[in-house]
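The values are calculated or read from the model by the stated rules, or taken from the named source; none is laboratory data. Computed from a predicted structure; not experimentally measured. Note that we place each Cβ from the backbone using ideal geometry, even for glycine, and neighbour counts take in every protein chain shown.
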Amino acid sequence: MTTSLPKLLLIDDDADDQEIFLSALAFIDNSIPCTIAANGHEGIQHLSAGGTLPDLIFLDLNMPVMNGMQFLQELKASPLTKDVPVIIYSTASDQQTIRQALDLGAFQFYTKPEKFSELVSMLHGLLYPATR
């Protein structure tokens with residue numbers, strides 16, 4: 001029995017964080033497709049373009065043009081995209097921000113890990129929950 005690979009969308013304006021995320025993903029399985037958007041507006045444009053919706057969205061909060069909270073509100077307001085799980089992936093870690101993101105419909109909230117191995121472990125646990 002083969003399961004299809006999850007399709008991911010990473011919305012993050014930091015090029016270094018994008019590269020680290022993609023490297024961690026490739027370390028787990030380099031065939032997992034991941035699209036990148038540099039801000040919430042680009043993320044909405046990507047989702048509105050049609051095609052297949054991602055299985056998971058990893059969303060940074062602090063971005064120009066459209067921040068993560070604004071993106072989350074718009075995503076959850078659309079019948080087409082409201083059911084796509086969003087995982088907040090941010091440097092923010094205060095309880096008020098976490099509560100606000102979860103109240104807006106985020107599936108989970110992760111503070112960006114400092115170590116590459118922690119990121120790999122976090123992603124592996126999210127993508128393959130049965131093997132944790």
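Among PHE109, PHE116, which is the only one that is touching a strand residue (DSSP E or B) at 6+ places or on another chain (Cβ under 7 Å), of a type in the set (A, V, I, L, M, F, W, C) and either under 22 Å from SER23 (Cβ atoms) or modelled with pLDDT of 90 or more (or both)?
PHE109
For the range 26-41, enumerate the residues that are touching a helix residue (DSSP H, G or I) at 6+ places or on another chain (Cβ under 6 Å) and closer than 15 Å to HIS124 by Cα.
Passing the criteria: PHE27, ILE28, ILE32, CYS34.
Scan the range 83-132 for residues that are among the charged types (D, E, K, R), part of a helix (DSSP H, G or I) and surrounded by fewer than 11 Cβ atoms within 10 Å (Cβ to Cβ) and jot them down.
Selection gives ASP103 alone.
Residues checked against (1) among the hydrophobic types (A, V, I, L, M, F, W, C); (2) at negative phi; (3) more than 12 Å from the chain's Cα centre (by Cα):
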position	(1), (2), (3)
SER90	no, yes, no
ARG99	no, yes, yes
ALA106	yes, yes, no
TYR110	no, yes, no
PRO113	no, yes, yes
GLU118	no, yes, yes
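Assuming LEU10 fulfils every condition listed in (1) modelled with pLDDT under 95; (2) in contact with a Phe, Trp or Tyr (Cβ under 7 Å, 6 or more places away or on another chain) apart from one, which condition is it?
(1)
Based on this model, can you work out whether ILE44 counts as in contact with a helix residue (DSSP H, G or I) (Cβ under 9 Å, 6 or more places away or on another chain) and within 20 Å of ALA24 (Cβ to Cβ)?
No.
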